[in-house]
Amino acid sequence: MANEVPAPESPPGPRRRGPSAFAWLSLGLSALVGVAIGIGSFTFAYAKGASYMTDDPAACANCHVMNDQYAEWTNSSHHTVAVCNDCHTPPGFVGKYLAKARNGWHHSVAFTAGGFHEPIQITPHNRAITEQRCRSCHQPIVQAIDAHAATTSNERDDLSCIRCHSDVGHGP
């Protein structure tokens, strides 16, 4: 065994390296996107998200916070002529769905975190939308009231349909 010839050394080849930093970053980012899509899809299905794309007033009662408003609307003078979107979203496709998306985001955050007033209250932004929708549907009477107010007062800004008729859409 003294004559044993040592085995030839293998030539140095390319050194095998682990995944690159870019590969790890891509994998991590893909996992985060996948988790976000999964949670978002689950939440959308659980919250009946597709129903909010419709004009069905029952969609507004998906959340228990709106049950009283929905019940009051079914007994109101407007339930045969107006649905929630007629009063609470701007006219037109884009305005309507922007308002629905904005409100949906704010509602989902508030209801998930518990940061909302009970009973639920309309925001100043949504109050302005509702005021404009009242004025649009009831334009002839509003014009007469505004004309009279203009001759008797210097301030027309204090006139608000909602201030005097707050229970029309959701009242008895």
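The values are calculated or read from the model by the stated rules, or taken from the named source; none is laboratory data. Being a predicted model, the structure only gives us computed values, none of them experimental. Neighbour counts run over all protein chains shown; Cβ positions are idealised from the backbone, glycine included. Keep in mind that these areas ignore ligands, DNA and RNA; they rest on the heavy atoms of the full protein, side chains included. Shrake-Rupley method; radii C 1.70, N 1.55, O 1.52, S 1.80 Å.
Springs join every pair of Cα atoms under 10 Å in this Gaussian network model of the chain, and among 18, 38, 114 the largest mean-square fluctuation is at 18. Computed over protein heavy atoms with a 1.4 Å probe, the accessible surface of the chain works out to 77 Å² per residue.
The length gained by stretching the chain between residue 148 and residue 122 to full extension, at 0.36 nm per residue less their Cα-Cα distance, is 6.5 nm.
Against the set (i) 99; (ii) 192; (iii) 224, the structure's computed volume of the Cα convex hull per residue in Å³ falls on (iii). The Cα center of region 28-44 and the Cα center of region 101-129 differ in position by 25 Å. Solvent-accessible area of residue 43, all protein chains in place: 70 Å² (probe radius 1.4 Å, heavy atoms, ligands and nucleic acids excluded).
At the residue level, residue 106 shows approximately 100 square angstrom of accessible surface with a 1.4 angstrom probe and all protein chains present. Surface listing: 161, 137 arranged by accessible area from highest to lowest gives 137, 161, probe 1.4 Å. Think of the chain as a dipole: +1 on every Lys or Arg Cβ, -1 on every Asp or Glu Cβ, centred on the Cα centre; then among 35, 81, 148, 35 lies furthest on the positive end. Distance between the modelled labels on residue 108 and residue 75, one decimal in nanometres: 3.3 nm (7 Å Cα→Cβ projection).
In this Cβ point-charge picture (+1 for Lys and Arg, -1 for Asp and Glu), the chain has a dipole of about 580 debye about its Cα centre. For the chain, the relative contact order is 26 percent, taking Cα pairs closer than 8 Å that sit 6 or more residues apart in sequence and dividing their mean separation by the residue count. Heavy atoms of the protein only, probe of 1.4 Å, neighbouring chains included. What is the accessible area of residue 42 in Å², nearest 10? Result for residue 42: roughly 140 Å² accessible. The smallest convex shape that holds all Cα atoms of region 79-123, its convex hull, gives 82 Å³ per residue. Of the complete DSSP H runs in the chain, those spanning 24 angstrom or more by Cα along the long axis with a mean Kyte-Doolittle score not below 1.6 are 21-46. When shorter helices are ignored and each DSSP H run of at least 4 residues is given -39500 (n - 2.57), the per-residue value for the chain at 222 nm works out to -17000 deg cm²/dmol.
Computed FRET efficiency, Cβ-Cβ of residue 165 and residue 46, R0 35 Å: what is it to the nearest 0.05? Efficiency, from the Cβ-Cβ distance: 0.45.
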